[in-house]
Amino acid sequence: ARGHRGRGGRGARGGGGTARGASENANSRAADAEVPKSSLFLRNLPYSVSASELRVLFESCGRVDSIRLLSDAEGRPMGLARVRMESAEEANKALKRLASHNLDGRALQISFDNRAS
């Protein structure tokens, strides 16, 4: 019985820490969900696309704050970009309207940018 209680005690403490950690993670995810996101992450871009082309495309959904095309260490395009809209509503509109938009034969992949808000 004594050994059983000891194992249960360790399990309860370990479980309590896990439950607390899970609760903290859930709270942080909930806080993230509550923060409006205005930044989008784009994948599968043609390497030849320019920031001005993306600006024209995204301005059909609202005001564009900034566009950043990502490149590798040698400066070559990676087919990735970050677009910041002026509001979360405009970003959401762009996400819905432009998901899978065909750009020079490539289906644009858009998601909210988890590195920025």
Given (1) in a helix (DSSP H, G or I); (2) in contact (Cβ under 8 Å) with a residue 40 or more places away in the chain, Arg82 misses just (1)
Say we look at segment 58-117 and pick out the residues that are loosely packed, with under 14 Cβ neighbours inside 10 Å and either β-branched (Val, Ile, Thr) or on the phi > 0 side of the Ramachandran plot (or both); which of these is modelled with the lowest pLDDT?
Ser100
Subset of segment 39-79, residues assigned to a strand (DSSP E or B), in contact with a helix residue (DSSP H, G or I) (Cβ under 8 Å, 6 or more places away or on another chain) and of a type in the set (Gly, Ala, Ser), comes to Ser39
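The values are calculated or read from the model by the stated rules, or taken from the named source; none is laboratory data. In this text the structure is predicted, and so the values were computed from the model without any measurement. Cβ atoms come from the backbone with ideal geometry, glycine included; neighbour counts cover every protein chain shown.
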